[in-house]
1. After finding the eigenvalues of the alpha carbon gyration tensor for the chain, what semi-axes result from the square roots of 5 times each, listed largest first in whole Å?
2. Pick from Gly27, Gly205, Gly83: which residue has the top mean-square fluctuation in a GNM of the chain where Cα pairs under 10 Å get a spring?
3. How many times 2.2 N^0.38 Å is the alpha carbon radius of gyration of the range 107-227?
4. Kindly identify the range 1-45 as rounded, prolate or oblate by the Cα gyration tensor criterion: order the square roots of the eigenvalues as a ≥ b ≥ c, call it rounded if a/c is under 1.5, otherwise compare a/b with b/c, prolate if a/b is larger, else oblate.
5. In nm, give the distance between the simple-model label positions of Asp240 and Glu58, each being 7 Å from the Cα along the Cα-to-Cβ direction.
6. Considering Cα pairs under 8 angstrom that are at least six residues apart, work out the relative contact order of the chain and quote it in whole percent.
7. Test of understanding: ordering Glu60, Glu147, Glu206, Glu250 by Cβ neighbours within 10 Å, fewest first, what list do you get?
8. Would you please give the residues with an amide H less than 5 Å from that of Thr3, counting only those at least 5 places away or on a separate chain, with H modeled from the backbone geometry?
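Read the figures in this text as sums done on the coordinates, not as results from a lab. Quick caveat, the model's predicted, so the values are computed rather than measured. Positions of Cβ are generated from backbone atoms using ideal geometry, with glycine treated the same way; all protein chains shown enter the neighbour counts.
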Amino acid sequence: MLTIGDVVGSLESFAPLALAEDWDNVGLLVGSPEWPATRILTCLTITPATVAEALEHEAELIVAHHPLPFHALKSITTETTAGRMLLQLIASRIGVYSPHTAFDSAQAGINQHLAIGLGLQQIEPLVRNVVSEEEDVGTGRIGNSGEQLTFVEMAQRLKAFLEIDSVRVVGNDTQTIERVAIACGSGGSLLPTAIQQGCDCFVTGEANFHSCLEAEAQGIGLILPGHFASERFAMFSLADFLREQLSGMEVWASRDEQDPLRTV
């Protein structure tokens, strides 16, 4: 019988935890490597909806991109949302594994998938990981468009790849885009690096107001598809990877997970 330990071995060969940021909380966060794992749910975030889905479909492991717990907990009680979810999962012997920033930075991680999806060429890390011996791993990605695209055409290309209806942008629609930086999730802090690298465009899930103002002042186009959209698509490829690596295991990307933000 396949165990959580077997799954952990496959995940860490794909996204080594050494690639994770120092502030992150990654790896096996709930459960034992010896627990069985024949039914696995992948999701972006553990929420009451994804916990209910895991319970209903008798998952034995949740591979969640975002960690739970993320920050240190002084107590685990029903008084908090995190506490209630953790107690439910532990009572049902459902493990939790999070690759988070290790998956973001991996050779075939989320940022790499985004760069390929945008059709970029000569892709390399925006910030190279000095811990790894691999040259093509690190935080974010940077690459060339390979053709002259306008800013609005690049935004349309991102929408098509992520299969979303809209993105938020800062910039001139007719600006020529040749060099693009990418950082999935909340990557606004990497805007100065993208500017330093001579990028015409920076794609990240979300950025604060002051980062938007700085992008406008520096003349770099900023495309914000939303935190959810910039990472959620990769939960399907993660499920595919686990099915290929571990035969006989049922793995599915959450069917109930939704972006909490909506436009009215």
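1. On the way: eigenvalues 228, 75, 56 Å².
Equivalent ellipsoid of the chain: 34, 19, 17 Å, largest first.
2. Ranking Gly27, Gly205, Gly83 by mean-square fluctuation puts Gly83 first.
3. Output field value: 0.96.
4. It comes out prolate by the Cα gyration axes.
5. 2.9 nm
6. On the way: 545 pairs, mean separation 50.6, N = 264.
Relative CO of the chain lands at 19 percent.
7. Values: Glu60 23, Glu147 10, Glu206 18, Glu250 15.
Ranked by crowding around the Cβ, least crowded first: Glu147, Glu250, Glu206, Glu60.
8. Ala37
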